[in-house]
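First the structure, in the form of C-alpha cells, and then the observations on it.
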Amino acid sequence: MLSDLRHALRSLRSNPGFTLVVVVTLALGIGGNGAVFSLINGLLLRPPAGVAEPERLVNIYTSDFSSGDFGTSSYPDYEAMAVELSAFEAVAAHDVRLLSVSTGEQGEMLAGELVTPNYFATLGMAPAAGRLIGAEDAPAPGGEAVAVISHRLWATRFGSDPAVTGRGLRINGREFMVIGVAPAGFNGMMRPIASDVWLPITVEPLISPGSDDLTSMRSRSLMVLGRLRPGASLAATQDQLAALARRRFEQFRDSWVTVRGEGRRLTAVPEPESRLPPQIGGAAVGFAAMLMAVVVLVLLIACANIANLMLARAARRRREVAVRLSLGASRGRLVRGLLTESLVLAAAGAGAGVLVARWLTDAILRFRPPVAAPIQLEAPLDWRVVAFLAGLAVVAALAFGLLPALQASRPSVVPGLKGELAAGRTGRRFGPRGLLVIGQLAVSLLLLVGAGLFLRSLSRAQAVNPGFDAGNVVVATLDLGSNGYDEARGAVFYRALLERLRAIPGAQGVTLASAVPLVDCCGRRGTRIEGYTAREGESTEINWNVVAPDYFRTMRVQVRQGRALDERDRAGAPLAVMVNEVFARRYWPGQDPLGKRVSITGPDGPYREVVGIVQDGKYRSLGEEPLPFLFVPLLQNYRSSMTMHVRAATDPAGVLRAVRSAVGELDPNLPLYNHTILTEALAVAVLPQRIAAMLLAAFGGLGVALAVLGLYGLTAYGVAQRTREFGIRTALGAEPRDIAVMVVREGVALAGVGLGVGFLLAGAVTRLATRFLFGVSALDPATFVTVGVVLLGATAVASYIPARRATRVDPVVALRYE
Amino acid sequence: MTAQNGSLIKLAGVTKVFYTEDVETHALSGIELEIREGDYVAIAGPSGCGKTTLLSILGLLDTPTRGEYFLDNQPVASLTATQRAGVRNREIGFIFQAFNLIGDLTVYENVELPLTYRKMPSGERKKRVMAALEKVGMTHRVKHYPAQLSGGQQQRVAVARAVGGDPAILLADEPTGNLDSVNGKAVMDLLRALHQEGSTICMVTHDPRYEEYAARSVHLFDGKVVSEEVGKAGAGPAT
C-alpha cells in the first residue's frame, strides 16, 4: 500500500499540469459542496451549543386560529403545560423580541428573549460566566431586574470582562443588571435569529408597559419547549398533549377555538426537526435540498471531466501497464495502484476544497438579508463538515478513478508493448469519454435551465405592480415602547415627529404605518364583518395595517371611493376604517361598502365604519392572490412601534439622514432600525428568486465551463488520436474545410445528444422547483430554447478550436509509416 | 485527361531539402522524371533514398524546395491548398503500405470517401463504389469494418478506394510491405490487371521481385536518379 502511495505521488509529481488541473477542478466541485453543506449544517444539523442532551428536547406548538398546527402559545397555556404534562421533566417558554439595548452609548436593536425561570435549567446549560436566570430572578416590586447576555455581546460590548456580572445594561429604557453570560455559540433556540439578551419573562410589564402577555389567553407569542423524562416516548407525549388540548377547549371555548369551531391542537416536534420554525422549515429544507443538488451536480460534472482526463492518460500509459502485466502484476494490483492515485488527487482536491468552501461561506455569510430580525447564519467547520468532505472525496475518487483504472488495466500485453492502438473501431463518438461528455452537457443544461428559470422569475417579480409607489420612499422603524413611552407620551411624540419630518427639505409626503407591505407585513385580526356570515370553516382573519394621516398620498395608493383616513379620525371621533377593493367585493358584493361596519376586537365591537375604499395591492408577497385588507387610523389605535414613511423629491439618501437627525433631536436614546430606502428593502420580496438565480447562475456557469472544457478536451484528444485519419482524408482529396466541418459536426452531434438528454432531465426535474418560481412555467419554452442555443454555440466553439488544428495536419507526417 | 501516351507527369530539377535545427537533409536532388499515360513505373532504391518523398511530391502531399512539377502539362507550384486537394481527389489515387483505411467506416464507406469529397450524387457514388469493389473482388464485404478483414483484403479495399474515382494515376507506396508473399503477389497481380486495363501506375518498392511487374524502373540513391530500366512491361514473376 505504501509503495502504491509512493508511486502515486511520484507519478503525479511528474505530471504537474495534469495534477494541477485535477486538483483545481476538484477543489471547485468539492468546495461548492462544502460551502452549501456547511450552511445546511449550521442551520439544520448542528445541535444548539451548550445544550445538554438535545435529543430529549421537543418544541410544543399550539395550533393557530386559522394558520395551521405550528403556532405560538399564551402564558396561561404554558402554565397549564408545565403543570399537567407529566411526560416532561420540565417545560419552559421563551418569547423572542426586538429590544433596544444600550451600555451607555446609542441604543441598538437586538434580538432578545423573555424566558421562564426554568428556561436555562431545562436546556441543561452552564454559564460561561456568572450565573443563568433561575427562579430567584422574578423581580420583586422595586427590585432589580436581571439579564443574561450572549457570549458575543460579552465580547463586543464588555471586552470579555470576567467581572461583567453586576454591570448595568439599559434595555427598552430600563436598567438591568448583568448576572451572567450564556455559553459560547449559544444564539437562542430560534434559528436563524441570534438572540443576545435573555430576561426573566416576569419583566414583561417593565419593558412593555400595559402588555397583557402574562395573563391573556388571546395574547399568543410564546415558544414552548420541554425536556422529556428519560425513556419517555414522543407517542406518549402526544397522548398527553391531546388530552390537555381537549381539557383546554372544554374550559376556554372562546379562546381555545379555531376557525373551524374545533378546539386547538398541541403538537410536539423533536428539537432536531424544529431547529427552524416549522412554518418555514419545509421551504428552507426544500431550498437547501435544491442547492445541495446543484452543487452535487457540479461535482458530478467535475468528476466526469477528470474521468475524461484520466481515460486519456490511461491510453497514454498502456505501454507502462503492459510492462507491469508482463512482469506478473495482477489486474487487481494495477487497479489498486491506479485508484491510489485517484485517492491522492481527491485528498488534495478536498484539502483545497476546504479553502474554497471557507471562501464561499465567508462570502455568503457577508450577505445581510434586508429583514428586521438580526439573522445570524453560521457555517462552522466542525466534524460533520470534515466527515462530509472526506466521504465526498472518497466517492469522487471512485467516480472519476474507477472506470479509467479498469480501462487502463485491461490485459492486452502485446499491442501495449508495441505501442499500438487497440485494433478495430475507435468508437470515438460514444465511447466512455463521449458518454461522459454527454452526461456533463446534460447536467449543465439542467443547471443553466434552472438559472434561467429563476432569472425569468426575478424579472417577472420585479415587473409586478405592488399597488404602491416605492420609488424615493425612505422608511425607518422606531419602537417607543422600547424606550419606556406609554400611550400618552407616545401620541405626543408621534405628533412632534410628524411635524419635524414634514419640515425636512425635499420631503413630499410624510406618514407612519405599523407595517411595510412586502417587507414587514402585516398584523392579522379575526374580523367580524357586518352583514356577512362566514361559511363553515372560512377564515375571516384579515391582514391589516395601522396608518397615520397622509399614508395613501405618501405611498401613492389610489382611493377609489369615499375618503382617505386623515386627522378627522382621531381619538374620540367615530371609529373609522378603510378596506381595499377585494374586501369590498368579497364581503359586500353588489353593495355600497361605504358606511358598512367591521369589528377587529370581537363580536361585541366596537365596530368601525368604512370611510373609503383603496386600490388592491400586494402585501405579503408578490405572488399572492389578491388579499382583503384593512387600514386602521393610528390616532384611534395606538401602536408603540411604527415605521416612518417619507417620500423624497430627489435625494432619498439625504432625506434618510435628515429623518435620523429629526428622531435624534426628539429623543437621542431612541434607536432606529430598518432604516433604508424602500426600493432596497423591497428586495426581500424577491430574495428567494434572487438567491436561487445568483447561485444557480454561478454554479451553472461553473458547470458549463467544465462541460465545455470537457468537450474541448475530448475533441482535442480525438484530433490528436486521429492524425493519421486526417492525413488519409487529406490524401484522398479532403479540403481543410471538409476536415473542420467534420470535426465540428461530430462535436456538435455529441453536444446535441447531451442537450437532448439534458432537455428530458430538465423537463422532469425543474417541476420540483415550481414552488420557488414566480410567473414562469417550470417548462418555460423561451428559457429552454435560449439555454439550448447558448450551450450549442459554446460547444461549437469548443469543437472548432481543435478542428482548426485538425486542418493543419501535415499528411506526409501523418502517413509516415513506422 | 491527356492524349494517348501524352506526358502526364513531368519533374524538372526537383530538389527537396528538410531543415531540422542546424541540420540540412537533401532528400531529393535535381530529379528529372517523366511519366506518360499508361506507364507502369517502379521507383526503387534502398531505405532512406528518397522514394517516399518523391511519391509525396508526385501526390501533391508535399512541395519541392526547388524545381518544377508539371501535372498534365500544368505547373502545380501555384495551386492553392484547396486546388491541390481537388487535384488529389480527381487525378490521383493513393495506395499505402499500411492500407490506411479508416477504422470507423465500413468497406463501402471507405471506398466512397473520396467520391463524397467530390460532391458526387449518391446514386453515381454507389455505382462507382460497387464497380471498384467488383474489380478487386470485395463486394461481399461491403458492410464489414477494416478490423474484420485480413491484411490482403484490406489492401484490396484500399486499391478499390484508389481506383473508384477513376484517377489519372495510381501512386502506390510499398503496397505489399505489410503483406505476406501470397497476399503481396495477389495485390501485385491486381495492379497489373489495372495497368492492363489502362491505368497509369507509379509504385515505390524496395523489393526486386515486385519491381519486375513495372514496365520501367527508376532507381534512386541518396536522393538522385542513378539508373533507369525500361522494357519489362507486364513481365513479373511467373504465376
Test each condition in (1) assigned to a loop (DSSP other than H, G, I, E, B); (2) open to solvent by 30 Å² or more (accessible area, probe 1.4 Å); (3) at negative phi for A:Asn187 and report the one that comes out false.
-> (2)
Would you mind telling me which numbered condition in (1) at the interface with chain A (Cβ under 7 Å from one of its Cβ atoms); (2) within 15 Å of B:Ala158 (Cβ to Cβ) B:Ala85 fails?
-> (2)
All positions within the stretch A:734-776 that are under 22 Å from the mean Cα position of the chain (by Cα) and either within 14 Å of another protein chain (Cβ to nearest Cβ) or not aliphatic (A, V, I, L, M) (or both) = A:Thr766, A:Arg767, A:Thr770, A:Arg771, A:Phe772, A:Phe774, A:Gly775
Among A:Leu687, A:Leu670, A:Leu635, which is the only one that is crowded, with 17+ Cβ neighbours inside 10 Å and in a helix (DSSP H, G or I)?
-> A:Leu635
Please work out if A:Gly471 is surrounded by fewer than 17 Cβ atoms within 10 Å (Cβ to Cβ) and over 30 Å from A:Val787 (Cβ atoms).
-> yes
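Could you identify the single residue in A:Arg560, A:Arg525 that is surrounded by 16 or more Cβ atoms within 10 Å (Cβ to Cβ) and outside any loop (DSSP other than H, G, I, E, B)?
Residue meeting the stated conditions: A:Arg525.
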Sole miss for B:Ala162 among (1) touching a helix residue (DSSP H, G or I) at 6+ places or on another chain (Cβ under 8 Å); (2) under 19 Å from B:Val107 (Cα atoms); (3) touching a residue at least 60 places away in the same chain (Cβ under 8 Å) is condition (1)
Are any of the residues in the stretch B:160-175 within 26 Å of B:Pro46 (Cβ to Cβ), away from every other protein chain (no Cβ under 14 Å) and crowded, with 20+ Cβ neighbours inside 10 Å?
-> no
Exclusive hit being within 14 Å of another protein chain (Cβ to nearest Cβ), farther than 30 Å from A:Val21 by Cα and among the small types (Gly, Ala, Ser), set A:Ala649, A:Ala731, A:Ala681 | A:Ala731
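Quick check: anything in the stretch A:65-74 more than 30 Å from A:Ala396 (Cα to Cα), in a strand (DSSP E or B) and modelled with pLDDT of 90 or more? First the steps, then the outcome.
Going residue by residue through the stretch A:65-74, those that are more than 30 Å from A:Ala396 (Cα to Cα) are A:65-74.
Narrowing the set further to residues that are in a strand (DSSP E or B) leaves A:71, A:73.
From what is left, the residues that are modelled with pLDDT of 90 or more are A:73.
Yes, the stretch A:65-74 contains at least one residue that is more than 30 Å from A:Ala396 (Cα to Cα), in a strand (DSSP E or B) and modelled with pLDDT of 90 or more.
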Contact list, first residue from the stretch B:196-216 and surrounded by fewer than 24 Cβ atoms within 10 Å (Cβ to Cβ), second anywhere and assigned to a loop (DSSP other than H, G, I, E, B) and of a type in the set (Lys, Arg), beta-carbon distance below 6 Å, six or more apart or interchain, is B:Glu212/B:Lys232
Sort out which residues of the stretch A:2-59 are under 30 Å from A:Asp95 (Cα atoms) and among the charged types (D, E, K, R), and write them in order of number.
-> A:Arg46, A:Glu53, A:Glu55, A:Arg56
Among residues of the stretch A:636-677 being of a type in the set (Gly, Ala, Ser) and touching a residue at least 40 places away in the same chain (Cβ under 8 Å), the residue nearest to A:Leu575 (Cα to Cα) is A:Ser640
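Tell me, please, whether a residue that is within 14 Å of chain A (Cβ to nearest Cβ) and surrounded by fewer than 20 Cβ atoms within 10 Å (Cβ to Cβ) can be found in the stretch B:49-59.
At the first step, the residues of the stretch B:49-59 found to be within 14 Å of chain A (Cβ to nearest Cβ) are B:50-59.
Still in the running and surrounded by fewer than 20 Cβ atoms within 10 Å (Cβ to Cβ): none.
No; the residues of the stretch B:49-59 include none that is within 14 Å of chain A (Cβ to nearest Cβ) and surrounded by fewer than 20 Cβ atoms within 10 Å (Cβ to Cβ).
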Which ranges mark the helices (runs of 4 or more DSSP H) fully within the stretch B:69-160 that have 2 or more residues being under 16 Å from A:Ile728 (Cβ atoms)?
-> B:81-91, B:107-117
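Please determine, by comparing only the residues of the stretch A:716-728 that are of a type in the set (Gly, Ala, Ser) and more than 13 Å from B:Phe99 (Cα to Cα), which one is nearest to the other protein chains (Cβ to nearest Cβ). Show your work before the answer.
Keep residues of the stretch A:716-728 that are of a type in the set (Gly, Ala, Ser), which gives A:716, A:718, A:720, A:727.
Pick out the ones that are also more than 13 Å from B:Phe99 (Cα to Cα) and you get A:716, A:718, A:720.
Numbers: A:Ala716: 18, A:Gly718: 11, A:Ala720: 16 Å.
The residue in question is A:Gly718.
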Determine the pairs where a residue that is under 15 Å from A:Gly188 (Cα atoms), located within the stretch A:39-61, has a partner that is part of a helix (DSSP H, G or I) and of a type in the set (D, E, K, R) with Cβ atoms under 6 Å apart, the partner being 6 or more residues away or on another chain.
-> A:Pro54/A:Glu271; A:Leu57/A:Glu271
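The values are calculated or read from the model by the stated rules, or taken from the named source; none is laboratory data. What you are looking at is a predicted structure, and each value in this text was computed from that prediction instead of being measured. A quick note on method: Cβ atoms are made from the backbone with ideal geometry, for glycine too, and the neighbour counts reach across all protein chains shown. Side chains are part of the model used for accessible areas, which takes the heavy atoms of the whole protein and leaves out ligands, DNA and RNA. Shrake-Rupley method; radii C 1.70, N 1.55, O 1.52, S 1.80 Å.
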